[in-house]
Each structure stands twice: as structure tokens, then as C-alpha cells.
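Below: one structure, written as C-alpha cells.
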Amino acid sequence: MLAVKMLPCVVCGRAGPNDAHHCQSDRFGARKVSDYEVIPLCPRHHRHEYGPGAYHYSKRAWEEKHGPDHGFLDLVARQLSAK
Ligand SMILES: [Zn+2]
């Protein structure tokens, strides 16, 4: 969890610390969310109060732009193992 927060935002590359977002697109929403299925998102791309670019403001709009959130898990895993 903590290591993920220190990674750059997967959308814009903003340097950490960022928020750890629990993946919930598609099948990922249907079961208990694991702490390993998290991706780093900056506040602007994550939090509702930041408006239209944020995942929790409009999940559908976010996915149309960036694809499903779990699509970034491979990238995050690679970044974590590269440390
Ligand atoms: Zn961002």
C-alpha cells in the first residue's frame, strides 16, 4: 500500500505521494478488494471533489479516457519490482 502511494500517478505521472486507488472496474468490483490491487492516482485523477477528471467523480468518463483501472496493475507491479 505505502509503496504504491509513492509511485507516480498512472494517468499523468505526477510524482508521489499520491492516493492508493482500489481497482473496481468490471470484475474487480464484484469481489472483496485486495490491498494488492491498488494503483497510484493523484488527487486530481482520484477524488470526487476535484471534479470531472477524477475517478470517483465519474467512473465511466474516467474509463472512457484511460481504460479500466485494473489495466494499470501490470505497470504498477513492474514499477514496484523495479525498486
Ligand atoms: Zn494524475
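The values are calculated or read from the model by the stated rules, or taken from the named source; none is laboratory data. Only a predicted model underlies this, so the values are computations on that prediction, with no experimental measurement involved. So basically every Cβ, Gly included, is an ideal-geometry build from the backbone, and we count neighbours across all protein chains shown. Ligands, DNA and RNA are stripped out before the accessible areas are found, and what is left, the full protein with its side chains, is counted by its heavy atoms. Shrake-Rupley method; radii C 1.70, N 1.55, O 1.52, S 1.80 Å.
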Taking the criterion of being within 14 Å of Q79 (Cβ to Cβ), within 14 Å of the ligand (Cβ to nearest atom), open to solvent by 70 Å² or more (accessible area, probe 1.4 Å) and at pLDDT 90 or above, would at least one residue in the range 1-12 satisfy it? yes
Determine which single condition R78 fails, assuming it passes every other condition in (1) open to solvent by 100 Å² or more (accessible area, probe 1.4 Å); (2) part of a loop (DSSP other than H, G, I, E, B). (2)
Right, K65: out of contact with any Phe, Trp or Tyr (no Cβ under 9 Å at 6 or more places or on another chain), modelled with pLDDT of 95 or more and either within 11 Å of the ligand (Cβ to nearest atom) or more than 14 Å from L7 (Cα to Cα) (or both) or not? yes
